[in-house]
1. Conditions: (1) surrounded by fewer than 20 Cβ atoms within 10 Å (Cβ to Cβ); (2) over 19 Å from V43 (Cα atoms). T64 meets all but one. Number of the miss?
2. Filter the range 40-66 down to the residues that are without any contact (Cβ under 8 Å) to a residue 12 or more places away in the chain and closer than 19 Å to A97 by Cα and list them by number.
3. Please state which one of F73, F47 is among the aromatic types (F, W, Y) and at pLDDT 95 or above.
Amino acid sequence: MNRHQAINGDLVKIFPFCHLSALCVLGGKQIREIYRRLLAACVGHDFSRHKAQTPLEFLAALETAFPQSAADFRLLTEVYLRVRYGEYPEILDEVHAVDQAWERVQQVLAGER
């Protein structure tokens, strides 16, 4: 059982009648937090998103700077945008995929220092 499955099981016990919406909200919060951490990590590499730059414009810059992680950056950005504009993730699949992508991106960024 992974971390997400354990959390999901606990929430289902706490919210037996509305667990799906509670899980989705928590998943969305986690995705927003991962994207915030991505932005902070990029600043640490002197590679920051400008205020006028959209997430998709920043994605293009990330893909150019770190081509080995282009697919992970694309996943993080696309899921973040859906959550940011009102869609919630599929809790077990999408949040887990974003979490794994973030782990890989952190490893790549750590190797760039």
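1. Unmet condition: (2).
2. Within the range 40-66, just E63 meets the criteria.
3. Just one listed residue meets the conditions, F73.
The values are calculated or read from the model by the stated rules, or taken from the named source; none is laboratory data. What you see is a predicted model, and the numbers here were worked out from it, not measured in a lab. Positions of Cβ are generated from backbone atoms using ideal geometry, with glycine treated the same way; all protein chains shown enter the neighbour counts.
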